[in-house]
1. What ranking do A:24-34, B:44-54 get when scored by the average of other Cβ atoms within 10 Å per residue, highest first?
2. How crowded by other chains is B:202-212, given as the mean number of beta carbons from other chains within 10 Å of each beta carbon?
3. Between copies, how far does the label point of residue B:198 sit from its twins, in nm, shortest first, when each point is 7 Å from Cα along Cα→Cβ?
4. What is the Rg over Rh value, at two decimals, for chain A, using alpha-carbon atoms and the Kirkwood definition of Rh?
5. What do you get when you divide the Cα radius of gyration of segment B:1-61 by 2.2 N^0.38 Å, with N the number of residues?
6. Rg and Dmax of segment A:2-120, using alpha carbons, in Å: what are they?
7. When N counts the residues of segment B:126-216, how does its alpha-carbon radius of gyration compare numerically with 2.2 N^0.38 Å, as a ratio?
8. Could you tell me the convex hull volume per residue, in Å³, taken over the Cα atoms of the protein assembly as shown?
There are 2 protein chains.
Amino acid sequence: MRVLAVEDDPRIAADLKTALEAAGYRVETCADGLDAWFLGDTEDYDLVILDLGLPHMDGLSVLKKWRANGREMPVLVLTARGAWTERVEGIDAGADDYLPKPFRMEELVARARALIRRSAGRASASQSVGDLTLDTNRMSALIGGVPLSTTALEFRLLSYLMLHRDRVVPPTELLEHLYGDDDSREANALEAVIARLRRKLGPGVIGTRRGFGYFLEGDAA
Amino acid sequence: MRVLAVEDDPRIAADLKTALEAAGYRVETCADGLDAWFLGDTEDYDLVILDLGLPHMDGLSVLKKWRANGREMPVLVLTARGAWTERVEGIDAGADDYLPKPFRMEELVARARALIRRSAGRASASQSVGDLTLDTNRMSALIGGVPLSTTALEFRLLSYLMLHRDRVVPPTELLEHLYGDDDSREANALEAVIARLRRKLGPGVIGTRRGFGYFLEGDAA
DNA sequence: CGGGAGCTGTCAGCGTTTTGTCAGGTATGT
DNA sequence: ACATACCTGACAAAACGCTGACAGCTCCCG
């Protein structure tokens, strides 16, 4: 999945890129209105995240031009807080959703996912590896077809492993994903979560590669 | 696209006509409640803009009569400033949007366009999940076939959950939807609404996924 | 104009669930 | 066999969400 993030504040842009990549998307960023317009017009994205205040051409104009050209990818607009007119103009210009700044990254990712899925037309949001199935929309997990109750933290851990099912994920990376970088946690916290999960899941789901990290078993053992 | 503007102040009516025609719509105006009712009942409009204070029959009554007759065109109601009850009654009577007077013409046009666009892609009026049925036109809720009286806020919450019934909706998103971004609310306000709703609905309707958000139960448990 | 009713946000406190930490234990690789 | 990496169960703190009471507000009705 390819995402274009148009945002001229370099810090926010970097955060966007990080968060969306963590969510498994391929992300390109762009800080200029004209560039954005060109990119959106010529490349195929599954989603565009569009800030309104941009150099050379403002976001709304960019969006309108895209739509006028028949470009129909979903666009999530970032609006200034409380600026309701912006939202109205946004709808009018063809935006699919908005998010007022400032926003929490998790929420942005959630919306992004929703938009992508909607546009994909009914593509189910669930993925499986071996006996394990995750539905990131319902935030529910199935193990061998049986519903499994997981806590938020556990579920996020599983999702992350699912997302990167093709490789072994190092503990440091998991820690960072689960807790942001505010780490004041002992490294052991992660092990505790894994242990609790394994008790629920049974054996043969979460594998360990000693010295490297964790992975989901059963994909292509 | 055909628009009916019902407004008894000739100056505002003229402005409406001008603005909407500039936006590319075919506009008919009408200054009388009874005439409006007749027109809306017999002609096919893509949008009606409806002032509430009208001679011979007030706007709300007109709207209710239309809806009772199964007329489902989108209606944008013009309300007096700050008259919150009017807005509630408006929604209740089947309005799709409202605009407090005085308003800027650009905003009216933007909303009008949004409504027309939305109506182009809208499905049926009533939807169900489990025991809960919502009729968005009449703003009525049924629980197990029994009518349920909900407040405007409660109903909006339910509608939003219904709209996104395929996923778990995070509290932040609900807050934003319910209150716009004027937030000076405590996060707890949402919980209060949920609690009140649950008391009315009984158990097994609104579910919580701790750490993620709320959802309507019974869809495909 | 005043009382009353309905709606809704705030607050404080509660119970539950979640989760980090600790103190050992067990496996693994060299 | 030894050190290191990882696992586990128990515990306590913290987070989270729920609830009931209350007060402010608006609107309605006399």
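What follows is calculated from the coordinates using simple rules that are stated; it is not laboratory data. What you are looking at is a predicted structure, and each value in this text was computed from that prediction instead of being measured. Positions of Cβ are backbone-derived with ideal geometry, glycine not excepted, and every protein chain shown enters the neighbour counts.
1. Working: A:24-34: 17.6, B:44-54: 21.9.
Highest-to-lowest ranking by the protection proxy: B:44-54, A:24-34.
2. Numbers: counts 0, 0, 0, 0, 0, 1, 0, 8, 4, 8, 9.
Shielding by partners across B:202-212 averages 3.
3. So the distances to the same position in the other copies read 3.5 nm.
4. Numbers: Rg = 19.5 Å, Rh = 18.9 Å.
With Rh from the inverse mean 1/r over Cα pairs, Rg/Rh is 1.03.
5. Working: Rg = 10.7 Å, N = 61, 2.2 N^0.38 = 10.5 Å.
Ratio of Cα Rg to 2.2 N^0.38 Å: 1.02.
6. 12.6, 33
7. Numbers: Rg = 12.4 Å, N = 91, 2.2 N^0.38 = 12.2 Å.
Scaled against compact globular proteins, the figure is 1.02.
8. In the protein assembly as shown, the Cα convex hull volume per residue is 161 Å³.
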